[in-house]
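Here's the structure, in structure tokens; my notes come after.
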């Protein structure tokens, strides 16, 4: 996702993550010491903003959902056996 796409969503975390990723790519290819220092400083600032917003919410995968349903079913079965 581009920075513009992320910003257009209105999702601050997504926009900051897009900026973070762009800065990291720029740093990897940077050959100027002056530019490296500026990019590194900006990256630190964006990382601090992301930390302040909070940890990213992990997206649940279909496997995670399946495991959760299975655990709920097992808990229900265990509870029924104890009650019976």
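The values are calculated or read from the model by the stated rules, or taken from the named source; none is laboratory data. What you are looking at is a predicted structure, and each value in this text was computed from that prediction instead of being measured. Glycine gets a Cβ as well: all are built from the backbone with ideal geometry, and neighbour counts include every protein chain shown.
Values as computed for the structure displayed
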item	result
Number of positions in the range 3-40 that are outside any helix (DSSP H, G or I) and surrounded by 12 or more Cβ atoms within 10 Å (Cβ to Cβ)	2
Conditions (1) surrounded by 11 or more Cβ atoms within 10 Å (Cβ to Cβ); (2) within 12 Å of the chain's Cα centre (by Cα): number failed by residue 59	(1)
Selected residue (only one of 53, 46 is surrounded by 10 or more Cβ atoms within 10 Å (Cβ to Cβ) and modelled with pLDDT under 90)	53
The range 59-84, residues that are at pLDDT below 80 and assigned to a helix (DSSP H, G or I)	77, 78, 79, 80, 81, 82, 83
